[in-house]
Amino acid sequence: MSLSHQQLNTLATEFGTPLYVYDAAHITAQYQKLTNAFAKTDTKFFYACKALTNINILKHINSIGCNVDCSSINEVKLAFFAGFEAKNILYTSNGIHFSEIEEAQSLGVHINIDSLSNLEKFGQKFGHSYPVGIRLRPNIMGGGNLKVSTGHDKSKFGIPVDQLDKILALVSQYNLHIQNLHIHTGSDIKDVDIFVKGIEVLFDIIPFFKELESIDLGGGFKVPYKDGDTETDMPLLAQKVNEAFSNHPNPNGKHLQVWFEPGKFLVSGAGYLITEVNVIKENATTTFVGINSGLNHLIRPMFYDAYHKIENISNPAGSAKKYAVTGYICETDTFAWDRKLHEVREGDLLVFYNAGAYGFEMSSNFNSRLKPAEVLVKDGKAQLIRRRDEFEDLLKNQVL
Ligand code: LLP
């Protein structure tokens with residue numbers, strides 16, 4: 001399911017370019033895939049909103065019954081602003097000052113703590129009074145590339161599982177109420193066995209936590225970027241998770257809920273970045289297509305060598321040629337080399353697919369360029385959900 005060329009052309013005419021467009025129906029359909037696959041498992045899904053935090057997206061996520069995972073206190077505040085209840089907000093912190101954890105506690109949200117130091121401070125301040133989760137580093141290599149791999153033995157994320165004795169010492173010293181154990185091994189994980197490996201690591205540790213109510217396997221489900229790519233097989237994952245649970249009944253006799261924190265899976269395919277061709281430059285070996293966007297709007301191709309499918313929606317019947325699609329930033333911001341596109345002319349509209357996750361969210365004003373507008377298509381209507389930056393926005397916080 002995707003928006004048609006015609007719809008995207010119409011939106012570009014109405015709202016201008018560059019433009020981020022999101023399709024609410026796609027998000028709903030992805031969420032239903034998760035809930036259908038895990039219908040027989042007691043699961044709770046928290047949308048990892050670091051992928052895309054526009055309030056209207058958060059409201060949509062809330063309206064379909066999905067919960068939210070936050071990576072900063074400001075994301076927690078945005079979640080409240082969008083109408084989520086505290087019990088449906090999870091704050092998975094990483095490398096933060098303890099004061100942020102205190103603030104999250106005062107707001108009543110679930111918290112995953114990722115360092116011994118903050119766990120100790122939490123124990124000193126709250127003892128057994130506030131249930132809390134621990135983010136563990138399972139020492140598992142998972143994820144599409146090293147930059148998005150977070151569970152391996154050199155990663156900064158979480159408390160290494162080999163420091164279990166130190167965790168247990170703190171739990172006992174401060175009578176901590178450990179409610180959740182969390183791991184997140186990376187992003188773009190297609191192989192469901194990575195999640196199973198994670199569960200196996202947790203099963204070894206679960207017996208030490210008598211008050212545990214949930215295990216949290218993080219996010220990282222793979223989405224298709226290229227034609228022919230497949231996403232993480234959710235029914236298979238659900239089956240394997242269920243098998244793992246039947247093979248390892250909790251020795252404490254307590255039922256454990258399974259939590260997931262999908263980001264990309266919910267919003268990546270829902271997003272489009274529509275751009276316009278500024279210039280075509282021919283040289284001996286390459287035809288460069290220079291568009292009115294760059295790494296300031298979509299950094300994934302430059303930062304992770306990520307592949308984003310691109311289509312020329314102005315000339316879909318043009319003969320196919322190979323191009324280098326480049327940005328207008330004074331850096332080498334190449335979106336794609338040797339990419340076959342229907343013949344591209346100046347003024348044509350090029351659409352980037354999978355722009356919903358970590359697209360706008362990782363954008364910047366580099367080169368004093370303006371951030372694009374965002375539009376949400378929902379129930380057949382297109383609604384502007386963020387106005388395009390204006391020149392004044394560049395000066396907004398500057399002391400003049
Ligand atoms: N939970 C935690 C604790 C995370 O750190 C992340 C992502 C997620 C869940 C959601 O992962 P997802 O389902 O979206 O893969 N900017 C990179 C991805 C980095 C993700 C960082 N953490 C990219 O554009 O590929």
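The values are calculated or read from the model by the stated rules, or taken from the named source; none is laboratory data. Keep in mind that what you see is a predicted model, and the values were worked out from it rather than measured. Glycine also receives a Cβ, built like all others from the backbone with ideal geometry; neighbour counts cover every protein chain displayed. Ligands, DNA and RNA are excluded from the accessible area calculation, which covers all protein heavy atoms including side chains. Shrake-Rupley method; radii C 1.70, N 1.55, O 1.52, S 1.80 Å.
Filtering segment 182-194 to residues that are touching a helix residue (DSSP H, G or I) at 6+ places or on another chain (Cβ under 7 Å) and surrounded by fewer than 24 Cβ atoms within 10 Å (Cβ to Cβ) leaves Asp188, Val192.
Taken together, Lys190, Lys166, Lys154 contain a single residue that is at pLDDT below 95 and farther than 30 Å from Tyr353 by Cβ, which is Lys154. Check segment 328-335 and report whether any residue there is in contact (Cβ under 8 Å) with a residue 40 or more places away in the chain, within 16 Å of the ligand (Cβ to nearest atom), assigned to a loop (DSSP other than H, G, I, E, B) and β-branched (Val, Ile, Thr). Within segment 328-335, none of the residues are in contact (Cβ under 8 Å) with a residue 40 or more places away in the chain, within 16 Å of the ligand (Cβ to nearest atom), assigned to a loop (DSSP other than H, G, I, E, B) and β-branched (Val, Ile, Thr). Taking the criterion of being touching a residue at least 60 places away in the same chain (Cβ under 8 Å) and either open to solvent by less than 70 Å² (accessible area, probe 1.4 Å) or of a type in the set (A, V, I, L, M, F, W, C) (or both), the residues of segment 225-244 that qualify are Tyr225, Met234, Leu237, Ala238, Val241, Asn242. Among the residues of segment 356-363, at least one is within 21 Å of Val277 (Cβ to Cβ) and of a type in the set (Gly, Ala, Ser). Screening Pro131 with (1) within 16 Å of the ligand (Cβ to nearest atom); (2) on the phi < 0 side of the Ramachandran plot; (3) not β-branched (Val, Ile, Thr) gives one miss only, at (1).
Exactly one residue among Ile199, Ile291, Ile215 is within 30 Å of Ser368 (Cα to Cα) and among the β-branched types (Val, Ile, Thr), and that residue is Ile291. Take the conditions (1) in a loop (DSSP other than H, G, I, E, B); (2) buried (at least 16 other Cβ atoms within 10 Å of the Cβ); Gln398 misses just one of them, which is (2).
In segment 17-38, the count of residues that are of a type in the set (Gly, Ala, Ser) and outside any helix (DSSP H, G or I) is zero. Kindly establish whether Ala82 is of a type in the set (A, V, I, L, M), farther than 16 Å from Gly158 by Cα and free of Cβ contacts under 8 Å to residues at least 60 places away in the same chain. Judged against the criteria, Ala82 is a match. Total residues in segment 247-280 satisfying the condition of being closer than 17 Å to His182 by Cβ and within 16 Å of the ligand (Cβ to nearest atom): the figure is 6. Here's a check for you: in segment 46-83, which residue that is of a type in the set (Gly, Ala, Ser) and assigned to a loop (DSSP other than H, G, I, E, B) is surrounded by the most Cβ atoms within 10 Å (Cβ to Cβ)? That would be Ala82.
Only one of (1) open to solvent by 10 Å² or more (accessible area, probe 1.4 Å); (2) more than 16 Å from the ligand (Cβ to nearest atom); (3) of a type in the set (A, V, I, L, M) fails for Leu119. Which number is that? Result: Leu119 passes all but (1). Being within 27 Å of the chain's Cα centre (by Cα) and surrounded by fewer than 17 Cβ atoms within 10 Å (Cβ to Cβ), is that true of even one residue in segment 337-359? Yes, segment 337-359 has at least one match. Selection of segment 140-161 for residues being open to solvent by less than 60 Å² (accessible area, probe 1.4 Å) and away from the ligand (no atom under 11 Å from the Cβ) yields Ile140, His152, Ile159, Pro160, Val161.
For segment 273-289: of the residues being open to solvent by less than 10 Å² (accessible area, probe 1.4 Å) and out of contact with any helix residue (DSSP H, G or I) (no Cβ under 6 Å at 6 or more places or on another chain), which is nearest to Ile205 (Cα to Cα)? Applying the filter and picking the extreme gives Leu273. For segment 84-116, the candidate set comprises residues that are within 16 Å of the ligand (Cβ to nearest atom) and in a helix (DSSP H, G or I); within that set, the residue that is most open to solvent (accessible area, probe 1.4 Å) is Glu100. Screening Gln32 against (1) surrounded by 20 or more Cβ atoms within 10 Å (Cβ to Cβ); (2) under 18 Å from Gly219 (Cα atoms) leaves a single unmet condition, (1). With respect to the conditions (1) part of a loop (DSSP other than H, G, I, E, B); (2) within 13 Å of the ligand (Cβ to nearest atom); (3) surrounded by fewer than 20 Cβ atoms within 10 Å (Cβ to Cβ); (4) not charged (D, E, K, R), Leu298 falls short on a single one, namely (3). The residues of segment 322-334 that are touching a strand residue (DSSP E or B) at 6+ places or on another chain (Cβ under 7 Å) and over 9 Å from Val289 (Cβ atoms), listed by number, are Lys322, Gly327, Tyr328, Asp333, Thr334.
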